[in-house]
Structure formats: C-alpha cells, structure tokens
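Participant: First the structure, then my questions, so here it is.
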Number of protein chains: 2
Amino acid sequence: MSFKELLKSDLEIIERELEKYFEVKDEAFPHLFESMKYTTMAGGKRIRAFLVMMFARLSGGSVEAAIPFACAIEMIQAYTLIHDDLPCMDDDDMRRGKPSNHIVFGEAQALLAGDALLTYAFEVCADNKHVSPSNITKAVSILAKCIGACGTVGGQVLDLEGEKRKLTKEELYHVHDLKTSALIQASALLGCCTSDKGREYFDVAKKYGHNIGIAFQVIDDILDVISDEETLGKPIGSDAESNKTTFLDFYSIEDAKKYAEAITEEACNGLGDGDSAKVLKELAYYLLERTN
Amino acid sequence: MSFKELLKSDLEIIERELEKYFEVKDEAFPHLFESMKYTTMAGGKRIRAFLVMMFARLSGGSVEAAIPFACAIEMIQAYTLIHDDLPCMDDDDMRRGKPSNHIVFGEAQALLAGDALLTYAFEVCADNKHVSPSNITKAVSILAKCIGACGTVGGQVLDLEGEKRKLTKEELYHVHDLKTSALIQASALLGCCTSDKGREYFDVAKKYGHNIGIAFQVIDDILDVISDEETLGKPIGSDAESNKTTFLDFYSIEDAKKYAEAITEEACNGLGDGDSAKVLKELAYYLLERTN
C-alpha cells in the first residue's frame, strides 16, 4: 500500500474506534461526553495517531495493539486544544473553522471536558488488552512525561511567557521541543510500546519525533509568511501581528527551509529500509512539503 | 500504635515524599513547579493518602509500595481544588485560609498547574518501583475511572448543574458519590493495588470508600448549619446562602446524623478485626464525629 493509501485506511480505523469511546457512558451528563467528542472528532490530520500505528509496524508490534494508544494520543491532542483555546489562555473563538469548545459548551464545561479527555487517555492506555502490563506501564510513564510539566504543559508555560517578550533562539527551540515535538515523540514511542522488541526502537522514535516536530514548526512559521489565507485555511501574518517569536526571527526564509530539510533528513536516519521505514520517510517529506 | 499516632507518622512520610516530587525539574519554568507545589503542600487532612497506606496494610501490601500511590492521590486532590477554584468554576479566591492558586499565579498558570498535577499523578503511579506492572496497570485504570468523566469530573458537571436548580435526592446522592466518594474509593482501591492479594479486598475498599464519602458530605452539610465560623474554620451558612441543595433538604439534622452513623457502620462491615481494620474503623468514626 502506498503512504497515502495506508494513511487513509488507518485514519478510517481511528475515526471509527474513537467514535466508540464517546458513546454516552453516564446518562446523568450527556453534555460532557458531547463536548469531549466535539473537539476530538473535529478532524485534523491525525498524524500523531498514524505515527503510533507506523512505529508499531516498524518495531514489530501489531496494529490492533496500536489502536488504543493512537486513540489516547488523539484525546490528549484534543484536551490541549480545548485548554489552549480558553479565554485565560490563547482566547481563541474558532478552531479548524468551527467555534471553539468553550464557545459551544461554556467555559466550565470546556475546562472539564479537557480534564476528562486527559484522564480518559490514561484509562484507554491502561485498558489496552493487546499489550502486556509491562509495556502498558512503560507507555503510561512515557506519555505522562511527554505531556506533563517537563513536556507539553511546560511548553505552554514558556509559550505564554513568549507572548510577553521576544524569546532567544534557544528558548524558542525549547518551546517547540516541548509544545510540538513532545507529543509527536510520545506517539512514536507509544507505537514502540506495543511489543517487547519495541524498546530497541526507542532512540529512533525519539530522534524522529523530535526532528519532525521542530521541522513541522519551522514550516508553520514559513507558511504564516509566504502562504495565502485560501491555501492555508486560516489568516496569514498572524505571528508578525502578535509580535510572536518565530524561527524567521533567526533565519531567512531560504535558510529556514534548508534547516527544515536538514532535520527532516536527520529524522529519517536510522529508520532502516523496510516497508514501514519507507512510509515514515514519505510522511516526513510530506510534512516538509505541505502547503497548509 | 494508636490511630492518631499512625496517622501522624504516615502524614510525616507523605509530606516529605511529596516535597521531593516538586524539586524543580526544569529550570526554564520554576514557577510551574512552584504553583503545583503551592496547592499540593497547603495542608489538608491527607485522609485520602492515609487511606492508601491503611488499605495497603489491610490487604497485605507494603507501606513502601503505597507511598507513591498516596502521593499521586494528593496530587489529584490538589488538581481538582485548583480547577474548582478557577473563575469559570466556583470562582473561589481563598482556599484553606490562603489565596487560591490562580490569585497567586494567575489563571493561565493555575489551569496549567492543575493539568500538570493530574498528569504527574499518572507518571508517579506508573513509576512505582515497588509494585508489579500488572498491579500498576490495574491502579492506573482504577484511578482514571474514579476521577474521569464517570467519576470526579462527572460529579463536578452535576454540581455545576445543581447551582442552577434544586437537585432531587437521587441527583444529590449521585453528585456526592462521584464528587467525593469516587476519589476516596480510588484511595482505598490503590492501597489494594500494592500486592497481588489486594484484589480480594476490592469490594471491601469500594464499600468503605463509598460510604465514608457520603457520610463525610452529610456531616459537611450539618456542620455548615450547626457549627460556628471559629470552630469550622470557614464561614457557616454558605450552602443556604447560595441556595445549594444539601442533604438537609431531605433530612432533619437528627435524621441526617442517624443516616451518617448508619452508613459509617455499613462502611466498616467486612473489614475484619485485625489491627488495620481497627484503625480504619477508628478513622471512620473520627470523620463522623469531627467538628470541622
């Protein structure tokens, strides 16, 4: 199967399995499940879920074992979006062309939906019937580290700091390493937690996740300058307008592009040359060359 | 050791171990760890942590294995307090005689401190070196279920609903079963997850946690009416003022007291008559007879 066919077929599985997790569990609060589902099922590229599946394949695990972990990662992604959009954070009324969670359900419910999704992700990991307790324990530990105070949450703290002043190059790098790369790394690593042999691939998964995450952000910064609103699907020039520090404070557009290419190449080193490695390389270059 | 001596000595251990978890892990954001620590270390009875320790003893586990789980429970308790106090929730400026987390650190940081504490709790559980992977997996699953959409978070949703209208007796019961009992149950159950034999005590732990939780809330409702501000340590009559549904909407003070006594007795049925059972009974009656 080609990269795009595999992506499409995996994402159909993920969408279907995610839906199941949001069948109302307690009749006393249907709105809570509705709000959790609203953001989780609102599209997005699902690249992180796909990474879980691909690193499971690469490291000799099964797709069946990867599905719950992939769903958990998408729940985490949804929780971060809901909390990031809240008025006390980025105060965004729109997300992917739809009103943000708190606009539809109110702030209190949105806050709680985020809390519930974060918690649900750990439940789903712990209840993964296709993975040994030892690998589940490893997965929970990795996930918590990647998205906690020294991961995604820490990145968000630094990002808020960056709204008040220009960051140094090192700080900017640190923000994106935590805010973007950490969850991408977690996805790759969780894929490797689907089999005992997977641990041999931890270093490859970390390097891939780290570099893909930074490259992703560099491209985001470039597109915000050179794209147009129709292609990008959101307003351009928003970084300059909000005086946000971006990679273009330290690189020319040409050099930024070269840097993204170099770390994309670096990401793919060590993947080997099997079928799954080939797909992961195609994914990396697909993200590098994207226009939105 | 008497119940009070054991409580005191266990809590010294918990305070010391909790402190260690908040030594700054990343120099880039010291304030995040400071805000996480601020609420977690702000006192409280630590009854939940003590329950983890006691149910470990009751079910044949070790205290050493119980400590990380007990610390995780206190982190969860702190996260719920931080999020509950936020302006979009209960909007409380004070907590245990000190300014709430968001008053000291700002709303965004408080929200993130709560998220980080919730995540850290799962990390601490997963990294418990004194418990087998199989029992860790069970503990993570139980904890997530007790504090998720069908547990504490669901209880909070119902509680917010209850601020808009009077609840029925069944709804009130459901609120407290989720909002208060769920985390107490989780504490007792996590104690039982410290050894393989512990699973035999799951039903006893559930019954104890459920009944203690409801009794705790009934007593809270009574004290809000019959106590005075000095004894209680917080303003009295606040439930009536905010038109909140309480157990006293359905019981006279005398009947409410009798009800709390009956379920405290029920909580203790099945504990057996060993040393740990005796301490758990003393704890139950200590909570029943408390004046603040």
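Participant: I'd like to know how region B:21-136 sits against the 2.2 N^0.38 Å rule of thumb: what's its Cα Rg over that expected value?
Facilitator: Values: Rg = 15.1 Å, N = 116, 2.2 N^0.38 = 13.4 Å.
That works out to 1.13 for region B:21-136.
Participant: Further, regarding this structure: For region B:61-128, what log10 I(q)/I(0) values come out of the Debye formula at q = 0.17, 0.18, 0.25, 0.28 1/Å, with one point per alpha carbon and no solvent?
Facilitator: Log-scaled intensity ratios, in q order: -0.61, -0.66, -0.97, -1.12.
Participant: Charges only on Cβ, +1 for Lys and Arg, -1 for Asp and Glu: so what's the dipole of the protein assembly as shown about the Cα centre, in debye to the nearest 20? Show your work: numbers first, answer last.
Facilitator: Working: 64 positive and 98 negative charges, 343 e Å.
Here the protein assembly as shown has a charge dipole of around 1640 debye.
Participant: Residue by residue, what Karplus-based ³J(HN,Hα) values in Hz, rounded to whole numbers, does region B:9-22 have, using 6.51, -1.76 and 1.60 with θ = phi - 60° and x for Gly and Pro?
Facilitator: Values, residue by residue: 5, 5, 5, 4, 4, 4, 4, 5, 5, 4, 3, 4, 5, 10 Hz.
Participant: Ok, one more. Just how large is the dipole of region A:167-238 about the Cα centre, in debye to the nearest 20, putting +1 at every Lys and Arg Cβ and -1 at every Asp and Glu Cβ? Could the numbers behind the result be given before it?
Facilitator: Working: 7 positive and 12 negative charges, 86 e Å.
For this selection, approximately 420 debye.
Participant: 7 Å along Cα→Cβ for the label point: how many nanometres lie between B:Phe250 and each equivalent label in the other copies, listed shortest first?
Facilitator: Listed shortest first, these distances are 6.0 nm.
Participant: Quick one: if you take sqrt(5λ) for each eigenvalue of the C-alpha gyration tensor of region B:154-218, what semi-axes come out, biggest first, whole angstrom?
Facilitator: Values: eigenvalues 157, 22, 11 Å².
Equivalent ellipsoid of region B:154-218: 28, 10, 7 Å, largest first.
Participant: Place a +1 charge on the Cβ of each Lys and Arg in region B:50-142 and a -1 charge on the Cβ of each Asp and Glu, then give the dipole magnitude about the Cα centre in debye, rounded to the nearest 20. Please list the in-between numbers first.
Facilitator: Details: 6 positive and 12 negative charges, 114 e Å.
The dipole magnitude comes to about 540 debye.
Participant: Between beta-carbons, use under 13 Å as the cut-off and find the net charge around A:Asn211, counting Lys and Arg +1, Asp and Glu -1.
Facilitator: Working: positive: A:Lys206, A:Lys207, A:Lys281; negative: A:Asp177, A:Asp203, A:Glu261, A:Glu265, A:Glu266.
Net charge in that neighbourhood comes out at -2.
Participant: Shortest first, in nm, what separates the label point of B:Met94 from those of the same position in the other copies (7 Å along Cα→Cβ)?
Facilitator: With the label placed 7 Å along Cα→Cβ, B:Met94 yields 4.5 nm.
Participant: Also, quick follow-up: Pick from A:Ser59, A:Ser227, A:Ser181 the residue whose mean-square fluctuation is largest in a GNM of chain A, springs joining Cα atoms under 10 Å.
Facilitator: Taking springs between Cα atoms under 10 Å, the residue moving most is A:Ser227.
Participant: Work from the charge dipole of region A:12-110 (Cβ charges, +1 for Lys and Arg, -1 for Asp and Glu, about the Cα centre) and give the residue of A:Tyr79, A:Met54, A:Ser35 farthest towards its positive end.
Facilitator: About the Cα centre, the residue reaching furthest to the positive side is A:Met54.
Participant: While we're on this one: What list do you get for B:Ser187, B:Ser100, B:Ser132 if you sort them by fewest beta carbons within 10 Å?
Facilitator: On the way: B:Ser187 32, B:Ser100 24, B:Ser132 17.
The most exposed by this proxy come first: B:Ser132, B:Ser100, B:Ser187.
Participant: Among A:Asp92, B:Asp159, rank each residue by its count of other Cβ atoms within 10 Å, from fewest to most, as a rough exposure measure. Let's see the in-between values first.
Facilitator: Details: A:Asp92 15, B:Asp159 20.
Arranged by neighbour count, lowest to highest, A:Asp92, B:Asp159 become A:Asp92, B:Asp159.
Participant: Would you work out which of B:Gly209, B:Phe250, B:Ile236 lies farthest towards the positive end of the dipole of region B:141-292, given +1 charges on the beta-carbon of Lys and Arg and -1 on that of Asp and Glu, about the Cα centre?
Facilitator: B:Gly209
Participant: Taking all pairs of distinct Cα atoms, average 1/r, flip it, and tell me the Kirkwood hydrodynamic radius of the protein assembly as shown in Å to one decimal place. Intermediate results must be reported in sequence, preceding the final value.
Facilitator: Values: mean 1/r = 0.0402 Å⁻¹.
Hydrodynamic radius (Kirkwood, Cα only) of the protein assembly as shown equals 24.9 Å.
Participant: Another question, if that's okay. If neighbour count is taken as other Cβ atoms inside 10 Å, put B:Phe69, B:Phe50 in order from fewest to most.
Facilitator: B:Phe50, B:Phe69
Participant: Here's another thing I want to ask about it. List the distances, in nm and shortest first, from the label point of A:Ser238 to the matching label points in every other copy, placing each point 7 Å from Cα along the Cα-to-Cβ direction.
Facilitator: Shortest to longest, the spacings are 3.9 nm.
Just so you know, all these numbers are worked out from the coordinates, no wet-lab data involved. What you are looking at is a predicted structure, and each value in this text was computed from that prediction instead of being measured. Cβ: placed from backbone, ideal geometry, glycine included. Neighbour counts: every protein chain shown.
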